[in-house]
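A short write-up of the structure that comes next.
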Amino acid sequence: MLLVLLCPQLSVAAQSAKQDTEKLKDIKKSLQRVQQKIQKNRARYHPLQKELKNTETTIGQLAKTIEQQTRQLRKSQRQIKQLKKQQVQAQKDLQTQKDTLSQQIRAAYMMGQQDYLKLLLNQQDPARLGRIMTYYQYFNNARLRQMQKISQLLETVQVLEQNIILENQAQQKLLKKQQRRKQQLEKKNQQRQQVLTALGKTYKKQKTRLGTLQQDKKNLQEILKQVSVQPHFTPLPDTKAFAELKRQLPWPVQGNIAHHYGSERGIGSLKWQGLFITAPTGRKVRAVANGRVVYADWFRHFGQLIIIEHDQAYMTLYGHNQSLYVKTGVQVKAGKIIASVGNSGGNTQNGLYFELRKRGNPINPHPWFRP
């Protein structure tokens, strides 16, 4: 009877799981269409922009690798420190056991040097003889245990010494790898500067610069339009809708606002459609709310760009990053590290460019953040 009652519920659950799978497939197809659209737009890029993209993408990957290696080095340093601490303690324990054994040997010597045969042949009280025999046995067993402990501790000290040697060797190899990566990064940064200088010559006329910015604005609008027609992100249960988060959003990065929403960009009539927050290179960038990454790649003038779709047709954009830590299609929670601060996209100032959009249209993000 219970099985009969459960069957409809199991059927509903199976149907729901099937729908979720189908929805996920649709989302992936939509995201692929978005990527194809982006690739089509890239075909119109200036050759120098392609070179800048390749250089900045490599810089981002190198910086990410260096950061991972730095974390490994710190972990290795902590491990060596812990091993040395254990080694010191093991050596102290070893010395304690040696001292204890020495005391036991001296105590046995003070009791006398009569062996078992002498005691047996001695005409003494049997009860006293039994107590002495038991006492001797006790000391013998105690000495044996101490010697076993000493042997174990000696082995432990040797193992710890070997582990410290191996960990130091691994650390040295990691340091050499990191130095090579840093040298590669330095060369790539020099290449980037050369490309930026060449691009500066092509953008010498303001009209050329204005034209590329307007074209990028149009391209971004087309991409956002493509994103907006795909199945929308569904918020997690027991979480607030995005519209309810006004004045509650955490800042995506700690820094100072250099350019405000709606302020002049100094190029034609273009205005800032978001905030530019100055921050040191490498500082972590975090998602401001739960959502799904619909774009994580390089985009002209935005550099390493991440677009996150939230519920109720809201989107957040994070531009000019150095390294990207998330991929297209993954879901992220508020506060998750998604990138690191940089100056990609040909930017001359380190920081994060942040936009908030609804149905593809930019809105002032400042009132949405916590005071």
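The values are calculated or read from the model by the stated rules, or taken from the named source; none is laboratory data. Because the structure is predicted, anything quoted here is derived from the model rather than measured. So basically every Cβ, Gly included, is an ideal-geometry build from the backbone, and we count neighbours across all protein chains shown. To get the accessible areas, we keep the full protein, side chains included, count just its heavy atoms, and leave off ligands, DNA and RNA. Shrake-Rupley method; radii C 1.70, N 1.55, O 1.52, S 1.80 Å.
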Q) If you check THR57, THR65, which single one turns out to be of a type in the set (Ser, Thr, Tyr), at pLDDT 80 or above, part of a helix (DSSP H, G or I) and in contact with a Phe, Trp or Tyr (Cβ under 8 Å, 6 or more places away or on another chain)? A) THR57
Q) What residue, among those in the stretch 323-364 that are within 19 Å of PRO235 (Cβ to Cβ) and in a loop (DSSP other than H, G, I, E, B), is least open to solvent (accessible area, probe 1.4 Å)? A) VAL326
Q.
Exactly one condition in (1) of a type in the set (Gly, Ala, Ser); (2) modelled with pLDDT under 80; (3) exposed (fewer than 14 other Cβ atoms within 10 Å of the Cβ); (4) not in a helix (DSSP H, G or I) is false for GLY262; which is it?
A. (2)
Q. Could we say that THR278 is open to solvent by less than 20 Å² (accessible area, probe 1.4 Å), touching a strand residue (DSSP E or B) at 6+ places or on another chain (Cβ under 7 Å) and modelled with pLDDT of 95 or more here?
A. no
Q) Would you say SER228 is small (Gly, Ala, Ser), at pLDDT below 70 and open to solvent by 30 Å² or more (accessible area, probe 1.4 Å)? A) yes
Q. Which pairs do you get when a residue that is farther than 15 Å from LYS284 by Cα and touching a residue at least 40 places away in the same chain (Cβ under 8 Å), found in the stretch 50-75, comes within reach of a residue that is open to solvent by less than 40 Å² (accessible area, probe 1.4 Å) and among the hydroxyl-bearing types (Ser, Thr, Tyr), reach meaning Cβ atoms under 7 angstrom, with the pair 6+ apart or on two chains?
A. GLU56/SER344
**Q.** For ARG180: the one exception among (1) over 25 Å from LYS75 (Cα atoms); (2) modelled with pLDDT of 80 or more; (3) open to solvent by 100 Å² or more (accessible area, probe 1.4 Å)
**A.** (1)
Q: Could you list, in sequence order, all residues of the stretch 284-307 that are polar (S, T, N, Q) and surrounded by 23 or more Cβ atoms within 10 Å (Cβ to Cβ)?
A: GLN304
Q) Within the stretch 160-169, is even one residue of a type in the set (A, V, I, L, M, F, W, C), within 30 Å of GLN61 (Cβ to Cβ), at pLDDT 75 or above and open to solvent by 60 Å² or more (accessible area, probe 1.4 Å)? A) yes
Q) Name the pairs whose Cβ atoms lie under 8 Å apart, with the first residue in the stretch 311-328 and under 15 Å from ASN290 (Cβ atoms), the second of a type in the set (A, V, I, L, M, F, W, C) and open to solvent by 30 Å² or more (accessible area, probe 1.4 Å), and 6 or more positions between them or separate chains? A) GLN312/ALA243; TYR314/ALA243
